[in-house]
Amino acid sequence: MEKKSFKSGFVTIIGRPNVGKSTLMNAIVGEKVAIVSQKAQTTRNRIMGVYTQEDWQAVFLDTPGIHTPRTKLGDTMMKAVDMALDDTEMIVFVFDASDIRDKDYEIADKYIKSKCPKIAILNKIDLISKDALVALITKLADYKFDDIIPISALKGDGIEIVKKCIKKYLPEGPRYFPNDYITDQPERFLIAEIIREKALRNLTDEIPHGIGVEIMSISTAKSGVLHVEATVYCEKESHKSIIIGKHGTMIGRIGSHAREDIERLMDTRVNLKLWVKVVPDWRNRIGDLKTLGYVE
């Protein structure tokens, strides 16, 4: 019997901050493997998501938003982008169709020369007119992308077209991961990211870039309840007061929202305890970056 061909490869998703890269990967994979918020630079690591069908498998690498780093954390984020682009089989450029900037075109100019197939994704098309969309597609056509696909990742519009396009350009290759595998991230990392996401969604614009989460302990009681203790890092005493909130209301809200998602992730009841710790300038300290998992 003739063996059926199988297509596979690594697909790197790039773009500037807050264009919808993580939302796109989550929509394709069908599970929440990367946290999402309206805050820029939500993704700090290279996050892997795996999508498998009978005759093909795409290993997505969701990368931090491309920006000019101002801290050592920012430097590590940009290194994560470069590492994800090494030996990739395909690059997916994500653009926010409702907010195209010069930085988008700078990114296109820099990476369009890569020899692998390159797809441009125009995300958030539900926020612009058809005439504006046509103008953007015409502009991007000058870059000679292999395909340009308009979508709304949040609403799921165009996701199936993206999948078919990716499959079309993947080479024949091995099945890198089992069929039910969706990410390489350990549970501790996923739990920490869920807590950080809830902090991002509940706090003001000033604080989130200075927030990190360290998982102190995870244990399972005889009753089956998962006990998680975590410390939220911030850089100023004034930030600590805001994170805790009056009578502990804010940290309680963050913990409550996080616990719900952790219970869905782990499929068990969760007892979550959060503390807040001031660590001045932790984003420029290699030791702290290693503790929080941002440096290998």
Filtered residues of the range 204-216 (kept if of a type in the set (A, V, I, L, M) and at pLDDT 90 or above): ILE211, VAL213, ILE215, MET216
Options THR68, THR42, THR76, THR88; residue that is among the β-branched types (Val, Ile, Thr) and either without any contact (Cβ under 8 Å) to a residue 40 or more places away in the chain or open to solvent by 30 Å² or more (accessible area, probe 1.4 Å) (or both): THR68
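One line per residue, one yes/no per condition, for (1) in a loop (DSSP other than H, G, I, E, B); (2) modelled with pLDDT of 95 or more; (3) over 30 Å from ASN179 (Cα atoms):
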{"site": "VAL36", "(1), (2), (3)": "yes, no, no"}
{"site": "PHE60", "(1), (2), (3)": "no, yes, no"}
{"site": "HIS67", "(1), (2), (3)": "yes, no, yes"}
{"site": "THR76", "(1), (2), (3)": "no, no, yes"}
{"site": "LYS79", "(1), (2), (3)": "no, no, no"}
{"site": "ALA84", "(1), (2), (3)": "no, no, no"}
{"site": "ASP87", "(1), (2), (3)": "yes, no, no"}
{"site": "LYS113", "(1), (2), (3)": "yes, no, yes"}
{"site": "LEU133", "(1), (2), (3)": "no, yes, yes"}
Failed condition for THR249, given (1) closer than 29 Å to GLU31 by Cα; (2) of a type in the set (Val, Ile, Thr); (3) exposed (fewer than 15 other Cβ atoms within 10 Å of the Cβ): (1)
Residue list for the range 121-172, restricted to those being free of Cβ contacts under 8 Å to residues at least 40 places away in the same chain, of a type in the set (S, T, N, Q) and buried (at least 19 other Cβ atoms within 10 Å of the Cβ): SER152
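Here are ASP75, ASP104: which of them is closer than 14 Å to PRO17 by Cα and of a type outside the set (Lys, Arg)?
ASP104
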Qualifying residue in the range 185-205 (condition: under 28 Å from MET266 (Cβ atoms), over 21 Å from the mean Cα position of the chain (by Cα) and not polar (S, T, N, Q)): no
Candidates GLU206, GLU193, GLU229 - the one that is of a type in the set (Asp, Glu), within 20 Å of PRO64 (Cα to Cα) and outside any loop (DSSP other than H, G, I, E, B): GLU193
Breaking point among (1) modelled with pLDDT of 95 or more; (2) surrounded by fewer than 15 Cβ atoms within 10 Å (Cβ to Cβ), for VAL50: (2)
Qualifying positions in the range 173-232 - out of contact with any strand residue (DSSP E or B) (no Cβ under 6 Å at 6 or more places or on another chain), buried (at least 16 other Cβ atoms within 10 Å of the Cβ) and not hydrophobic (A, V, I, L, M, F, W, C): GLN185, GLU193, GLU197, LYS198, ARG201, ASN202, PRO208, HIS209
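The values are calculated or read from the model by the stated rules, or taken from the named source; none is laboratory data. Nothing here was measured: the structure is a model prediction, and the numbers come from that model. Because the Cβ atoms are built from the backbone with ideal geometry, glycine has one as well, and the counts that use them run over all protein chains shown. Please note that ligands, DNA and RNA were not included when accessible areas were found on the heavy atoms of the full protein model with its side chains. Shrake-Rupley method; radii C 1.70, N 1.55, O 1.52, S 1.80 Å.
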